[in-house]
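Since the structure comes first, as structure tokens, the remarks are kept for the end.
The values are calculated or read from the model by the stated rules, or taken from the named source; none is laboratory data. As the structure is a computational prediction, the values presented were derived from the model and not from experiment. For neighbour counting, all protein chains shown are included, and Cβ atoms are generated from backbone atoms with ideal geometry for every residue, glycine included. The accessibility values were calculated without ligands, DNA or RNA, using every heavy atom of the protein model including side chains. Shrake-Rupley method; radii C 1.70, N 1.55, O 1.52, S 1.80 Å.
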Amino acid sequence: MLKELPGWVVDDETSVREEVADWIGLSPQELWRLAHACARDAMWAASMSGMKQRILEHTDPLPESTVAALKRLRREAGWPRDV
């Protein structure tokens, strides 16, 4: 166990700000190019894994808090009970 953290350890906010610093001020077109490159790389990784279809078909389950919130919002909006 460390008695103290190394000097390079920073708080979460500082860490996130450092990670996105290069993206600040980019145009929508530049951000889109980066998003496209990221998606392309993810699809390449999925294809190379041999489990592309399984990966693409996967859906994470919603947290119970989200399910409860959706039920409440639907009820408040007057949606039918079976939806």
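Within the range 62-83, the set of residues being at pLDDT below 95 and part of a loop (DSSP other than H, G, I, E, B) comprises Gly78, Trp79, Pro80, Arg81, Asp82, Val83. Applying the set (1) surrounded by 10 or more Cβ atoms within 10 Å (Cβ to Cβ); (2) at positive phi to Val67 leaves exactly one unmet item: (2). Here His36 clears all of (1) open to solvent by less than 100 Å² (accessible area, probe 1.4 Å); (2) at pLDDT 95 or above; (3) not aromatic (Phe, Trp, Tyr); (4) not in a loop (DSSP other than H, G, I, E, B) except the condition numbered (1).
Have a look at Glu30, Glu13 and point out the one that is part of a helix (DSSP H, G or I) and loosely packed, with under 10 Cβ neighbours inside 10 Å.
Glu13
Among the candidates Ala45, Ala69, the residue that is of a type in the set (A, V, I, L, M, F, W, C) and under 19 Å from the mean Cα position of the chain (by Cα) is uniquely Ala45.
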